[in-house]
Amino acid sequence: MTKKITQRNPYPLGAHAEAGRIRFSYAAQNASCGVILYHRKTGRLLRKEAFSVEEKIGKIYCKYIDDLNPEEISYQFYEGDKVIPDPYARAFSVRTGYGRAKSESDLKAVIPMNCFDWEGDKNPHLSYSESLGYCMHVRGFTEHASSKVASRGTYRGIIEKIPYLKETGITTIELQPSYEFLEMTPWEDPAPGYCPWTREPKLNYWGYKRGYYYAPKAGYASGEDAVTEFKELVKALHQNGMELVMQFYFPNEVRVASIPDILRFWVLEYHVDGFHLMGVDLPVEIYASDPLLADTKLWYYSFDTDAIYPRDEIPAFPEPAYYQDDYLYTVRRFLKGDENMLEDLLYQMRRIPYKAGRVHFITNYYGLTMMDMVSYDYKHNAANGEENRDGTDYNCSWNCGEEGSSRKLKIRRLRQKQIKNAFAILLCTQSMPLIFMGDEFGNSQKGNNNPYCQDNAVTWLDWRDLEKNREIYDFWREMVQFRKEHPILRREYEAKMMDYISCGYPDMSYHGRNAWKAQTESYNRHIGIMYCGKYAVKSDGSEDDFLYLAMNMHWEDHELALPKLPKDMHWKTVFATEAETGDEGEYLRCIPARSIVIYCSEKEQEKAVRKKSRKDG
């Protein structure tokens with residue numbers, strides 16, 4: 001009976017403690033294979049156990065061993081003379097520490113005990129209209145001493161920073177690869193003509209390579225138990241109404257049929273809220289149709305939503321979301337004043353894909369940071385050891401008059417204004433905005449747009465910049481709060497540009513020198529966008545306000561008309577990236593060069609109360 005059970009129940013693969021014994025299941029290509037057992041604490045070899053033909057079904061070998069304590073051993077598999085870490089391991093004991101593991105022989109799997117108390121944990125399940133994303137690298141987020149956390153560069157370090165993230169308005173954390181991977185890449189012969197600086201193993205700081213997809217990265221844990229620490233991170237985020245989305249990179253050698261099991265595992269075992277899937281031609285519609293993943297965010301380049309939802313079904317909260325670069329390049333080119341960008345910009349700002357969400361961003365882990373986008377015309381990647389050949393040359397950036405850091409007040413002020421302009425556009429765009437860690441306070445990577453191998457001050461957040469660039473951070477927080485207060489900026493479906501509720505105004509409209517007459521010729525770099533609040537309801541049940549976003553990225557001032565509001569309502573200025581401009585009426589308004597002004601409707605009685613309060617104050 002025991003042999004029959006052993007042969008017919010090899011799943012799940014890997015090693016699992018079952019009824020006082022350990023079951024080892026491994027899919028092998030070589031008949032000469034087995035498991036190597038070690039003492040967990042010392043790493044001392046205990047013995048090798050070969051698989052037998054009787055323990056094989058298909059290509060899977062399955063062996064039960066009775067005389068082992070799962071808490072005292074670690075293991076690897078072998079085929080012939082080759083040692084192979086368990087690709088299905090739930091956890092690893094890496095004895096060499098982060099940045100020092102040189103080969104797969106350093107990865108010894110352990111069997112975690114399922115004793116974590118989730119305390120009734122529930123996923124927040126936020127819609128894309130409610131979400132604000134923050135892409136981060138676990139180590140880079142808190143490794144710098146200025147982070148002032150007790151557990152720097154770890155999952156626990158993120159937990160310590162949750163109050164800051166909430167204050168910043170973040171709802172959804174996107175983690176760069178946080179499953180186990182070998183961060184040290186062996187040196188390989190380069191392409192002809194390439195002269196590397198060293199033949200030593202090179203650090204893969206980002207982790208975009210084939211990984212061990214069932215285990216949290218041990219090098220990102222503050223102690224020896226990465227499993228528990230990762231679960232504590234997820235639980236702490238959920239207790240604060242926040243979500244965690246994991247990046248998963250699947251190169252071509254990974255079988256696409258194995259991916260659903262990986263995603264289900266992280267949902268069930270770690271309660272994660274979503275996945276950003278990376279890889280070529282992944283059948284993401286199949287994954288999105290999986291019943292278990294029905295409430296799980298899935299991000300990919302694009303989706304065929306008709307293959308996910310029936311044609312007559314309009315999901316209340318769609319989980320798939322487009323994650324593309326098109327918004328990034330459009331906004332960057334508009335910000336620096338390129339010609340023929342208005343039409344593309346307006347489309348990108350209102351676009352919400354059919355039956356899906358969209359994650360839009362101006363910066364990400366790849367490319368220049370927000371501060372570097374306004375400080376560098378070119379990439380500066382010499383430190384990567386590839387003679388500045390790595391990284392894209394297409395940055396769509398502008399240094400505002402001087403390459404790199406500048407002591408000139410005029411240039412520094414212009415850069416600050418351009419970052420504010422970027423924040424205003426990003427947070428007035430429909431669907432889910434996302435920033436890269438540190439952009440909210442002007443983090444710089446010194447012009448490096450591809451720091452994939454930098455585990456140092458280039459990629460670690462310098463938290464002293466939070467005070468240095470306090471004005472930028474305060475503007476970010478105010479804009480986030482403004483977006484939160486106005487649901488017209490957070491709609492579930494794309495604007496129709498029509499008055500379909502017969503209120504006298506379309507849901508969204510464009511304006512030029514004259515109201516209702518947009519000027520979108522190729523040479524124009526200014527536009528007014530009005531959002532009609534009658535198409536959205538605030539949390540108190542009242543109609544939202546009218547909003548007007550006046551954008552001018554030309555190097556000259558331009559006039560834009562403010563449309564006439566309903567009776568007893570007036571426009572007031574709420575944001576101006578150039579300077580405070582006061583109240584304005586229904587007439588042409590001169591918008592300063594390279595700046596944005598945001599207006600909000602105000603009732604006559606509210607205006608009187610505000611003016612009286614200002615006078616009394």
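Worth pointing out:
- Selection within the stretch 274-309: residues that are in contact (Cβ under 8 Å) with a residue 40 or more places away in the chain and under 16 Å from TYR179 (Cβ atoms). The member of this set that is nearest to the chain's Cα centre (by Cα) is HIS276.
So that you can scan it fast, the table gives a plain yes or no per residue for (1) surrounded by 19 or more Cβ atoms within 10 Å (Cβ to Cβ); (2) of a type in the set (S, T, N, Q); (3) under 23 Å from the mean Cα position of the chain (by Cα):
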residue: LEU409; (1), (2), (3): no, no, no
residue: PHE423; (1), (2), (3): yes, no, yes
residue: LEU434; (1), (2), (3): yes, no, yes
residue: ALA457; (1), (2), (3): no, no, yes
residue: ILE472; (1), (2), (3): yes, no, yes
residue: LYS484; (1), (2), (3): no, no, yes
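- Under the condition of being over 25 Å from VAL359 (Cβ atoms) and either surrounded by 15 or more Cβ atoms within 10 Å (Cβ to Cβ) or not aliphatic (A, V, I, L, M) (or both), the residues counted in the stretch 486-499 number 1.
- For the stretch 244-294, the candidate set comprises residues that are touching a strand residue (DSSP E or B) at 6+ places or on another chain (Cβ under 6 Å) and either small (Gly, Ala, Ser) or at positive phi (or both); within that set, the residue that is surrounded by the fewest Cβ atoms within 10 Å (Cβ to Cβ) is ALA288.
A quick yes/no check of all residues on (1) buried (at least 18 other Cβ atoms within 10 Å of the Cβ); (2) in contact with a Lys or Arg (Cβ under 8 Å, 6 or more places away or on another chain); (3) in contact (Cβ under 8 Å) with a residue 12 or more places away in the chain:
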| site | (1), (2), (3) |
| --- | --- |
| PRO315 | no, yes, yes |
| LEU328 | yes, no, yes |
| PHE361 | yes, no, yes |
| ASP390 | no, no, yes |
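- Condition check for TYR347: at negative phi, exposed (fewer than 14 other Cβ atoms within 10 Å of the Cβ), among the hydroxyl-bearing types (Ser, Thr, Tyr) and not in a loop (DSSP other than H, G, I, E, B): yes
- The stretch 222-271, residues that are part of a loop (DSSP other than H, G, I, E, B) and closer than 16 Å to ARG156 by Cα: SER222, GLY223, GLU224, ASP225, ASN240, MET242
- The stretch 137-155, residues that are closer than 19 Å to PHE436 by Cα and of a type in the set (A, V, I, L, M): VAL138
The numbers here are math on the coordinates, done by the rules we state, and not lab data. The structure displayed is predicted, hence computed values, not measured ones. In this analysis, Cβ positions are derived from the backbone assuming ideal geometry, glycine residues included, and neighbour counts consider all displayed protein chains.
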